[in-house]
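The values are calculated or read from the model by the stated rules, or taken from the named source; none is laboratory data. Computed from a predicted structure; not experimentally measured. Areas reflect the complete protein model, heavy atoms only, side chains present, ligands, DNA and RNA absent. Shrake-Rupley method; radii C 1.70, N 1.55, O 1.52, S 1.80 Å.
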Amino acid sequence: MGVSTRSSSRPRRIRKMSSPTKPEHPLIEDVDPMASFFYTPRALTVMTVGLLALAYFSDALGLDPQRGSWESRVKGALWALVGAFLGYSALYAPHTFMIRPHPIVWKLVHGVTLLYMLFLVFLLFLEADQARQVFKFAYPELGVPLDERAYGADCRIRTPEHPESPFANVRDTVLDEFVLAHLLGWVAKTLVFRDWKILLFLSIGFELMELTFHHMLPNFNECWWDSWILDVLLCNNIGILIGLGALQRRSQYGDEWKGVSEQPTLLLKTKRLLLQFTPESVEQYEWKMMSSPKRFVQCIVLAGFCLACEVNAFFMKYVLWIPPRNMLNTYRLFVFFAMVIPAVNEYYYYVTDRDNNDLTSGDMDDDEEGSHKLGVFTWIFLSCTVLEFLIIYKFGSELFSLPWPPHIKWSWLAVGLATLLFFCAWTAKAGLGGTRQSTFKAKRV
């Protein structure tokens, strides 16, 4: 399933194709003979099979004398709607710069994320009780208030009176079922952001979010040693190191790949087939958060939306009464993970290309002008995050009645004011330096 691609220092923007049914991805020049079947257009075949499936499962021809219940019919219709939309997305969704394991995978991801965004729009126009009933349609056990666990009920490290262990609190926290998910989550974040500085910023930032909202969500009420030692110092850093190690190992394979048919042995063919599910190349991101005031704001915007996305996960399940173990939380997690892989990459090249174009604005061609357009996955990610916030704000107006603790309110006010003063001084200094440099160049001319 090997494909050869044009080498590029950054993803190429998709140019207009000569034919709307042309199968080749703009970044794919050659296809391995063993994989040519998967890169041949099948639009008519997919349409025919899809329409026949719809005719059969909808009983359009009246072949099934036993008609199902109204509920089963509605469920079947919704699944058919999702399938039809994803089928269209797989064929005609816009190309992205991602081609592994196959371009159609990322077209399907585009369709899934768009469906999720539209579902959030649907929820936004309902009342809280109505939205909770919607989820009962898929999981009848839902629709009841949650009894969330507060991890900070007893923050003692030693519990000598406990019959099983004098460190029962630490043991129960370490053996919690979500610790492994927490660790794997930071491995995944590392694979997405690829920069330990911004990952450290996100690691500390999320713990600050927990401290900020712990009076609203019992789940955020953690012990100090749980937050700063087990989470930040151990789990987060271990996940980051594993992720960076995986990126380093993957980068050793290089950018040029031989196809499966060109591999001499069965073992190498199998290895090459498995590597098809990894990126074609791994590029180290250099966010350079403190390089300029502009880049600082761009990175803060990205970090802010990523932290909001994480915090939304806890608030969404709380206001919609979805238990932590319910699979809906897992589905949302995978949707956002698949979304942010291309979204962060698009945003990275969006901000870096704009900076490069600002330096070479006189030499830009029409293709370089396109870098000023926000990528489709970034647009969907930002929209979904804001839509979730609106749902939380609307449904949580009655659930979150406690006032903000004074120390939280005044602490964030002080941080905001200090950041604003620092940013203003930094911007003024950078502007003065740029003016002096421009004047010096003008004098030399």
_For the range 88-160: rounded, prolate or oblate by the Cα gyration tensor [a/c cutoff 1.5]_ = oblate
_Please list, in order along the range 189-197, the HN-Hα scalar couplings obtained from phi with the Karplus expression 6.51 cos²θ - 1.76 cosθ + 1.60 (θ = phi - 60°), rounded to whole Hz, x for Gly and Pro._
4, 5, 5, 8, 8, 6, 8, 5, 5
*Show 327, 209 ordered by accessible area, largest first, where the area counts protein heavy atoms only and the probe is 1.4 Å.*
327, 209
*Step through the table entries 189/429; 189/373; 107/269; 189/409; 107/317; 271/373, compare each Cα-Cα distance with 32 Å, and write down the pairs that go over it.*
189/429; 271/373
